[in-house]
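Following: one structure in structure tokens, then a few remarks.
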Amino acid sequence: MAEDLLEAENVCVGYGRGDIVHGVDVSVSAGRIATIIGPNGAGKSTMIKTIAGVLTRREGSIRIDGREIGGKPASEIARCGVAYVPQEANVFRQLTVTENLQMGSWIEPKEFDDRYEKVCALFPILKERAKVRAGNLSGGQRQMVAFGMALMVEPKVLLLDEPSAGLSPAMVEQMFDIIKQVNKTGIAVLMVEQNAMQALKISDHGYVMAAGQVAMSAPASELLDSSEVSELYLGTRQ
Amino acid sequence: MSGQLIINGIVNASLIAPPAIAFSLLFGILRFPNFAIGAYVTVGAFIAYALNVGAGMPMWVAGLGAMAGTAVVVWLSDVLVFKPMRGHTPVTLLVVSIALALIIEHVIRLFYGADVRGFDLPLERPIKFAGLRITGEQIDIIVMTIVIGIAIHLLLQYTRIGKAMRATADNETLAEVRGINTSYVIAFTWFICGALFGLTGVFAGLDLVIEPLVGWYLTIPIFAAAILGGIGSPYGAMLGALLVGLAEELTVLVLPSSYKIGVGFVIIAVLLLIRPHGLLGQPEIKK
């Protein structure tokens, strides 16, 4: 098996005193999708923010392509090929859609024209609403801006925090389709999802987090079949 | 009579507009009202004075020197004072900025005393037409403010760093996540704003007088302009400056001129009651 593109080992992180995430291992290899599911407050988003560099890990190691990124500022981690889409406040509200996408290609400005066409092919609405301020878009359209912005670089690793949050059921499906499509180009995807069933269906691997630790780590299909998981996390959510 | 007041108002507005833009830009990124802006303006006036009168340089060289020198002082005020305090509440930072203003003012007093000074400029007759008077310096101030306004617009709208400034003001975490080195962007913003405060010091020295409180007198109109336009919105600040500048002068028609200084307060009070996000500002959305 190929070396994992993203490897996080024994990551501990928290706000202020006390850790929220206690010694978590997560890894994704190129062209794969891994999903973290689990109850609220399990530390899923905290974990993904830590990989992105928005929070700084207290302990542990985070590597991209074998290169340590733990402890680096978010702007440097972005330059290592990590694109992170936060769940909230994930667009520049005062900037137009096109300006948002320009910020997306901040680290590779020369690629803008090329990537812009590619992203707009995925989300045609972004071209139609090019000059609208992102703050004036609907929630679903904002989510597309946020996702499109992350794809303005060709990341090695895509980190998605609740990509389906606030979307209509039809759009959730569309979003997951696009994630799959993007993933096929060889990008490693790590996402956190409340919509556990649908997310696991497109994933290769699944992690169940509870109380800041990985409670289960198994191929996604196994988690979908596991009666324990479906009772605890899948059945009740739908 | 009122034609002259409008001219005075426009000059006044031109004096207020650059620092109001700068105040707005700083607020957008740092989210606290920096009361030291008046002191920054005073620093600009005294650097220009030192270069012009002390070192005998021509006025335009002294002006550029004041912009550069003030930019450095203002940037240092971030490095030494505000940066170590990041993350504190806006009220704490506001109090810190008042303390900083007092310190700067008194350091200036230490060297220059409280005397009222002026630049070393040849006396010129004001230009007169149709019974209205305007000095050459006032025309310079108006023209330069218009140029500054356009330059700031072009900077924010079309340059890479300008867009990064807007993005950082909008959502600093996201800017950082997209690879923007926000501490560099913030330092750049302090520099630009410092240059604008320095220029205002030069304008104040040309149109008013140079003394340790010159910037302090401008603080309230600057705040009023920025709040009127919508705090954090540089275009709002330009519009706000024009309205406050005119309002201050035109009150002379109905009230004794000693009440002029209160106009800014009234504008702030009324605005906070009826439209707290200002004319061009975006209301803050709270979840």
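The values are calculated or read from the model by the stated rules, or taken from the named source; none is laboratory data. Since this is a predicted model, take the numbers as computed values, not measurements. Every residue, glycine as well, gets a Cβ built from its backbone with ideal geometry; the counts of neighbours run over all protein chains shown. These accessible areas exclude ligands, DNA and RNA; they are computed on the full protein's heavy atoms, side chains included. Shrake-Rupley method; radii C 1.70, N 1.55, O 1.52, S 1.80 Å.
Taken as a whole, the condition of being within 14 Å of another protein chain (Cβ to nearest Cβ), open to solvent by 10 Å² or more (accessible area, probe 1.4 Å) and either touching a residue at least 60 places away in the same chain (Cβ under 8 Å) or of a type in the set (Gly, Ala, Ser) (or both) applies to residue A:49.
Taking region B:165-187 as the range and being open to solvent by less than 30 Å² (accessible area, probe 1.4 Å) and closer than 17 Å to residue B:75 by Cβ as the test, the residues that pass are B:165, B:168, B:182, B:185, B:186, B:187.
Exactly one of (1) more than 29 Å from residue A:92 (Cβ to Cβ); (2) out of contact with any Asp or Glu (no Cβ under 9 Å at 6 or more places or on another chain) is unmet by residue A:219. Its number? So the condition that residue A:219 fails would be (2).
Of all residues in region A:196-220, those satisfying the criterion of being at pLDDT 90 or above, among the aliphatic types (A, V, I, L, M) and open to solvent by less than 20 Å² (accessible area, probe 1.4 Å) are A:199, A:200, A:208, A:209, A:218, A:220. Only residues that are within 9 Å of another protein chain (Cβ to nearest Cβ), closer than 29 Å to residue A:63 by Cβ and of a type outside the set (Asp, Glu): list them for region A:83-104, please. Within region A:83-104, A:83, A:84, A:85, A:86, A:89, A:90, A:103, A:104 meet the criteria. Would you check if residue B:186 is modelled with pLDDT under 95 and not basic (Lys, Arg)? Criteria not met by residue B:186. Among the residues of region B:107-128, count how many are open to solvent by 100 Å² or more (accessible area, probe 1.4 Å) and not in a loop (DSSP other than H, G, I, E, B). Selection size over region B:107-128: 3.
Test residue B:61 against the stated conditions and say whether it is β-branched (Val, Ile, Thr) and either free of Cβ contacts under 8 Å to residues at least 60 places away in the same chain or at positive phi (or both).
yes
Would you check if residue B:209 is within 19 Å of the chain's Cα centre (by Cα), within 23 Å of residue B:134 (Cβ to Cβ) and buried (at least 19 other Cβ atoms within 10 Å of the Cβ)? For residue B:209, the condition - within 19 Å of the chain's Cα centre (by Cα), within 23 Å of residue B:134 (Cβ to Cβ) and buried (at least 19 other Cβ atoms within 10 Å of the Cβ) - is not met.
Pairs meeting the criteria (first residue in region A:202-226 and over 22 Å from residue A:179 (Cβ atoms), second residue open to solvent by 50 Å² or more (accessible area, probe 1.4 Å) and not in a loop (DSSP other than H, G, I, E, B), beta carbons under 6 Å, at least 6 apart or on different chains) are A:212/A:22; A:213/A:22. May I ask you to verify whether residue B:150 is hydrophobic (A, V, I, L, M, F, W, C), modelled with pLDDT of 95 or more and either open to solvent by less than 40 Å² (accessible area, probe 1.4 Å) or under 26 Å from residue B:63 (Cα atoms) (or both)? So residue B:150 fails the test.
Pick from B:69, B:28, B:87, B:38: which is over 21 Å from residue B:201 (Cβ atoms), of a type in the set (Gly, Ala, Ser) and surrounded by 17 or more Cβ atoms within 10 Å (Cβ to Cβ)?
B:28
For residue B:97, the conditions (1) open to solvent by 50 Å² or more (accessible area, probe 1.4 Å); (2) part of a helix (DSSP H, G or I) are fulfilled apart from (1). What pairs can you find where one residue is in region A:165-191 and over 19 Å from residue A:52 (Cβ atoms), the other is of a type in the set (Ser, Thr, Tyr) and not in a helix (DSSP H, G or I), and their Cβ atoms are less than 6 Å apart, with a gap of 6+ or different chains? So the pair list comes out as A:172/A:164; A:175/A:164. Here are some conditions: (1) over 22 Å from residue B:225 (Cβ atoms); (2) in a helix (DSSP H, G or I). Residue B:44 meets all but one. Which one does it not meet? Single failed check for residue B:44: (1). Quick check on region A:148-164. Is at least one of its residues assigned to a helix (DSSP H, G or I) and more than 13 Å from the chain's Cα centre (by Cα)? Checking region A:148-164: not a single residue is assigned to a helix (DSSP H, G or I) and more than 13 Å from the chain's Cα centre (by Cα). Report yes if residue B:245 is more than 16 Å from the chain's Cα centre (by Cα) and not acidic (Asp, Glu), otherwise no. Taking the combined requirement at face value, the residue does not satisfy it.
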